[in-house]
Amino acid sequence: MKKWLVRGAAVLAGTVTVLVAALALMPVLEGPLDEPAYAAPPLPGGWPDARPPQALAYSLIHTSTTQATPEALVVAGGRWGTERRPLHAAVLVRHPQGSFLFDTGLGRRVAEQFAVNSAFHRQFFAYEGLAPAADQLAAHGVPVGEIRRIIPSHMHWDHVSGLKDFPDAEVWVGAEELEHARHGQPPGFIASQFDGDVRWRLFEFDGPAYMGYPASLDLFGDGSAVLVPMQGHTAGQVGLFLALPSGQRLFFIGDTTWALEGVTAPAERPWLVRRLSNVDHDEARNRAAIVHVHRLMRAFPELVVVPAHDERVAARLPRFPAFAR
Ligand SMILES: [Zn+2]
């Protein structure tokens with residue numbers, strides 16, 4: 001038999017073995033996280049100060065969804081019989097000092113970017129219903145130049161696919177995230193999305209502790225949009241707190257979990273997914289990040305927590321071209 005055929009058969013047999021073992025073991029491996037095992041940094045007694053301008057508004061731009069998938073492959077403890085359709089989105093924040101995107105979702109060149117993946121990962125991460133943010137903005141008369149900066153929650157392919165659709169925007173990223181991405185491999189990181197001409201702006205968290213996070217970055221100096229470090233899923237993932245003129249507070253947590261159920265349980269990604277796709281950079285650190293958000297939700301029940309891919313949470317938020325203030 002030809003060598004490549006033998007190798008293919010071996011990989012297939014290995015995958016099937018892992019799958020069968022995983023399905024047998026999942027019930028014991030998929031319990032909720034043991035909350036008391038995680039350090040509890042002090043939380044503030046009330047909301048941090050914020051003076052959002054009246055014109056501040058945000059909108060969620062849906063750029064694509066993944067194919068239907070059982071919830072058991074989205075969050076540990078999820079049901080096999082519950083269908084989920086994780087979303088790829090960009091968050092557009094309009095502020096008098098300049099608009100920005102938090103993540104881009106899938107961009108105009110995603111087909112060629114995605115083609116570098118193996119057949120298995122093309123199937124596993126298959127997407128549909130593509131509507132790049134740049135196209136939607138253009139269709140509603142928003143020039144791409146209005147987007148002054150893009151802040152990826154992290155640099156995984158489905159969060160930065162649209163970077164090059166906004167050539168004039170500064171891309172704000174921490175040094176360790178950029179380093180991680182540049183050494184990364186598909187399917188997580190796809191170099192063509194961020195090689196060559198990109199207007200990088202390396203930032204540091206120079207602000208004080210914020211909502212239990214050790215440091216922060218206040219983007220406009222008015223407390224309306226504040227970044228916090230959320231390492232774990234990647235080396236330099238960041239979260240975004242928004243304080244709206246209405247008084248509502250939102251917390252965009254990137255891929256700390258893929259679904260809100262992950263932070264309410266609290267529970268991490270399914271064991272099977274973590275083993276098959278090596279999706280988290282530092283699983284222990286990401287578990288701690290999940291538990292922290294879980295505690296924040298309990299201490300601040302009005303806080304609207306938004307995992308980047310949770311289509312059910314997204315359905316309750318304004319969808320572009322609608323905005324909320
Ligand atoms: Zn990710």
Charge dipole of the chain about the Cα centre (unit charges at C-beta), most positive-ward option of ALA72, ALA57, PHE251: ALA72
Estimated inter-spin distance, GLU83 and HIS140, nm [label 7 Å along Cα→Cβ]: 2.7
Area of SER192 that stays accessible when all protein chains are in place (1.4 Å probe, Å², to 10): 50
Rounded if a/c under 1.5, otherwise prolate or oblate - the range 211-325, Cα gyration tensor axes: prolate
Projected-area average for the range 45-314 over all orientations - Cα convex hull basis, square nanometres: 13.2
By average C-beta atoms within 10 angstrom, highest first, the peptides 230-236, 120-126, 272-278: 230-236, 272-278, 120-126
Cα-based convex hull, the range 79-193, per residue volume (Å³, whole number): 131
Residue-span extension gain [ARG109 to ASP34] - 0.36 nm each, minus C-alpha spacing: 22.8 nm
Residue-averaged 222 nm ellipticity for the chain, from DSSP H runs of 4+ at -39500 (n - 2.57), nearest 500: -8000 deg cm²/dmol
Protection proxy ranking, peptides 288-295, 204-211, average beta carbon neighbours within 10 Å, highest first: 288-295, 204-211
Residue-level accessible surface for TYR38, protein heavy atoms, 1.4 Å, Å²: 50
Amide proton proximity set for TYR210, modelled H, under 5 Å, gap of 5+: ALA215
Distance between modelled label sites at SER246 and ALA324, nm, 7 Å Cα→Cβ extension: 0.5
The range 227-290, Cα convex hull volume normalised per residue, Å³: 81
Gaussian network model of the chain, Cα within-10 Å springs - most flexible of ALA225, ALA111, ALA119: ALA119
Gyration tensor (alpha-carbon) shape descriptor, the range 162-233, a/c threshold 1.5: oblate
Using a Förster distance of 45 Å, the FRET efficiency for GLU176-ALA119 (Cβ separation, nearest 0.05): 0.90
By average C-beta atoms within 10 angstrom, highest first, the peptides 83-91, 312-320, 240-248: 83-91, 240-248, 312-320
Top of ARG94, ARG51, ARG285 by mean-square fluctuation, Gaussian network on the chain, Cα under 10 Å: ARG51
In range of the label at ASN278: residues from the range 194-237 whose backbone nitrogen is under 11 Å from the point 7 Å along Cα→Cβ: none
The range 53-140, Rg to Rh (Cα coordinates; Rh as Kirkwood inverse mean 1/r): 1.07
Helix 283-299 vs. the chain, principal-axis angle (Cα, 0 to 90°, nearest 10): 40
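The values are calculated or read from the model by the stated rules, or taken from the named source; none is laboratory data. Because the structure is a prediction, the values reported are computed rather than measured. Virtual Cβ from ideal backbone geometry, glycine too; neighbours counted across all protein chains shown. SASA here: full protein model, heavy atoms, side chains in, ligands and nucleic acids out. Shrake-Rupley method; radii C 1.70, N 1.55, O 1.52, S 1.80 Å.
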